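Notes to accompany the following structure.
The values are calculated or read from the model by the stated rules, or taken from the named source; none is laboratory data. All values reported here derive from a predicted model rather than from experimental measurement. A quick note on method: Cβ atoms are made from the backbone with ideal geometry, for glycine too, and the neighbour counts reach across all protein chains shown.
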Amino acid sequence: PPVRLMGYGLVTGLNGTGDRVSGTTGSGETVQSIVNLLRRFNISVPPALLRTRNVAAVLVTSEVSTYLRPGGRFEVAVSSLGDAQSLRGGVLWMTPLVADAGGQPLAGAQGPIVISSGSTNSRSFNTVVGTTGTIPNGGMLEANLPRPQLAASNMLLLREPDITTASRIAAAIDSVLGGKGLAVVQDPGAVRLALKDTSAGLAA
């Protein structure tokens, strides 16, 4: 099963459609998040002076294949937590993603948000609301996900797990080495090599 990741972040660059923030009134979590973000850059701004509608607090979620390795990319979903009118045109600020609240970050997400144009179906919800969106390839895995340990010495690991690609790699290896079963698809993210041990013939 996939691993579900989540995070809390800020979307910036909105054209006046973000959370209603005026000093200490409005979306308090957005104000505090902006203050915390600026402090990382050694910029101190009293919360009472903040007046912006170009930022929105968001929840970032994703389901990641357990076969994905560090450096692999995946899609993330972004949804507004406050009273933003729209996330259209916004960019997600670098957001750590965790599997459990308070846990260690396993991945990060950032990038421009894509808002679906919606559906012409009258029964469809959230057709043009614009408070949810996605970032294709916006997430990047930074740590190994829990999975059975693999023997790295006889494995080829795919950065982007895909059963078709893994099968083609195995077939190509068998074809070049003139054998069958020399390369076996272990899972969508790994091809196991069953090569003969020639170390004994090198002994003096």
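Which one of these is surrounded by 17 or more Cβ atoms within 10 Å (Cβ to Cβ) and modelled with pLDDT under 85: 145, 141?
145
Hey, can you tell me all the residues within segment 38-67 that are assigned to a loop (DSSP other than H, G, I, E, B) and within 21 Å of the chain's Cα centre (by Cα)?
Matches in segment 38-67: 55, 65, 66, 67.
For (1) at pLDDT 85 or above; (2) crowded, with 22+ Cβ neighbours inside 10 Å, each residue gets a yes or a no:
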| residue | (1), (2) |
| --- | --- |
| 26 | no, no |
| 44 | no, no |
| 80 | yes, yes |
| 88 | yes, no |
| 92 | yes, yes |
